[in-house]
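Worksheet for the structure shown next.
The values are calculated or read from the model by the stated rules, or taken from the named source; none is laboratory data. Note that the structure is predicted; figures quoted are calculated from it, not measured. Cβ atoms come from the backbone with ideal geometry, glycine included; neighbour counts cover every protein chain shown. Ligands, DNA and RNA are stripped out before the accessible areas are found, and what is left, the full protein with its side chains, is counted by its heavy atoms. Shrake-Rupley method; radii C 1.70, N 1.55, O 1.52, S 1.80 Å.
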Amino acid sequence: MAKLKILEFPDARLRTKATPVETVDDALRALISDMFETMYAAPGIGLAATQVDVHKRLLITDVTPDKSEPHVLINPEILEKDGVTVSDEGCLSVPGYYEEVERAEHIRVRFLDRHGETQEMEAEGLLAVCIQHEMDHLEGKLFVDYQSEAKRQRIRKKLQKERRHQSAAVAM
Ligand code: GNR
Ligand code: NI
């Protein structure tokens, strides 16, 4: 197992549209296991392959506080969406920022599981929000894209400034 590096906004690689997974094999399962290690260490409640610079349609989530409900969704498709919910979202690729985003309240998704079997699942609440957030990553979309251009620029400038200070501190 290995912890992977998470790409951060405004890294252009986060804008890549992921391509479908062709075969669910041991190499993919090794990546999934590294992604769980990375997500739990962060800590976060979801992670898309895009964020670790793998541009395949794969995401994981676990919205429980005790790591008790890990989900792996490969080639996910939304079959149904219902209702509207607004919640504060954060993103491991935009560290330290939380903004309101409007999402469907209830979704039904079809995907392949880690054995390559087709599954369907219903989700609501935080899990539904998280799956929609992760599916956006697979399209190269970030939660800051729902904010105004001015707010996105402000976040980008602050993150770039923090990173400059961090590399200066490491160099000392
Ligand atoms: O850890 C995360 N928390 C979160 C909170 C509200 C809505 C979505 C998320 S996902 C995020 C992890 C992440 O960046 N996944 O892509
Ligand atoms: Ni995210």
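Table for the structure above
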| item | result |
| --- | --- |
| Accessible carbon and sulfur surface of the chain relative to its total accessible area, %, 1.4 Å | 50 |
| Kirkwood Rh (inverse of mean 1/r, distinct Cα pairs), the chain, angstrom | 16.7 |
| Cα convex hull volume per residue for the stretch 82-143 (Å³) | 90 |
| Against the rule of thumb 2.2 N^0.38 Å, how large the Cα Rg of the stretch 59-101 comes out | 1.43 |
| Sequence-distant residues sharing a close amide H with Cys91 (under 5 Å, placed H) | Gly96, Tyr97 |
| Integer Hz, Karplus 6.51/-1.76/1.60 couplings in order for the stretch 20-30, x for Gly and Pro | x, 6, 8, 9, 8, 10, 4, 5, 5, 5, 5 |
| Nitroxide proxy distance, nm - points 7 Å out along Cα→Cβ at Ala169 and Asp25 | 4.3 |
| Selected from Leu159, His133, Leu92, residue furthest toward positive end of dipole (the chain; charges at beta carbon) | Leu159 |
| Stretch gain in nm, segment Ala41-Arg15, where the contour uses 0.36 nm per residue and the Cα spacing is subtracted | 7.0 nm |
| J(HN,Hα) series, the stretch 137-142, from Karplus relation 6.51 cos²θ - 1.76 cosθ + 1.60, nearest Hz, glycine and proline x | 4, 5, 9, x, 10, 10 |
| Whole-Hz ³J(HN,Hα) from phi, Karplus 6.51 cos²θ - 1.76 cosθ + 1.60, for the stretch 95-111, glycine and proline x | x, x, 10, 9, 9, 6, 9, 8, 9, 5, 7, 9, 9, 10, 10, 10, 7 |
| Under 25 Å from Lys157, Cα to Cα: lysines that are on another chain or at least 8 residues apart | Lys5, Lys17, Lys141 |
| Average accessible surface area per residue within the stretch 57-156, 1.4 Å rolling probe, Å² | 49 |
